[in-house]
Amino acid sequence: MAIFHISSIKPTQATGEVKEVYGQLKKEMGDVVEPISLHALIPDLLKGNWGILREALVVEDKVKRKYKEAVASAISSLNDC
């Protein structure tokens, strides 16, 4: 995925709260993913979006992450994402 119309903050340029969120993204998702990083220009928005994604996908409460990812993958495939 590429962002063409919104500038974002690259991981190597991140500071403060953005750097913290990027560190969590890297640790828990394996990389700084663009659907979240495009919110980096407004750190509160970045934190909120990461929090929503993290709670929905990463945190294992009632459903294991691997099942959540399988459902997300199937939906992305159906939506031609």
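Please go through the range 1-23 and pick out each residue that is part of a helix (DSSP H, G or I) and crowded, with 17+ Cβ neighbours inside 10 Å.
Step one: of the range 1-23, the residues part of a helix (DSSP H, G or I) are 11-13, 16-23.
Of everything in the range 1-23, those that are part of a helix (DSSP H, G or I) and crowded, with 17+ Cβ neighbours inside 10 Å turn out to be 18, 21, 22.
In the range 54-64, which residues are open to solvent by less than 50 Å² (accessible area, probe 1.4 Å), without any contact (Cβ under 8 Å) to a residue 24 or more places away in the chain and either under 23 Å from residue 7 (Cβ atoms) or part of a helix (DSSP H, G or I) (or both)? Passing the criteria: only 57. May I ask you to verify whether residue 38 is within 11 Å of the chain's Cα centre (by Cα) and of a type in the set (A, V, I, L, M, F, W, C)? Taking the combined requirement at face value, the residue satisfies it.
When residue 49 is tested against (1) touching a His at 6+ places or on another chain (Cβ under 8 Å); (2) surrounded by fewer than 17 Cβ atoms within 10 Å (Cβ to Cβ), only condition (2) is not met.
Restricting the first member to the range 32-50 and to residues that are under 17 Å from residue 12 (Cβ atoms), and the second to residues that are of a type in the set (Lys, Arg), the beta-carbon pairs closer than 7 Å and six or more apart or on different chains are 32/26.
The values are calculated or read from the model by the stated rules, or taken from the named source; none is laboratory data. In this text the structure is predicted, and so the values were computed from the model without any measurement. A quick note on method: Cβ atoms are made from the backbone with ideal geometry, for glycine too, and the neighbour counts reach across all protein chains shown. The protein model used for the area step is the full one, side chains on, heavy atoms only, and it has no ligands, DNA or RNA in it. Shrake-Rupley method; radii C 1.70, N 1.55, O 1.52, S 1.80 Å.
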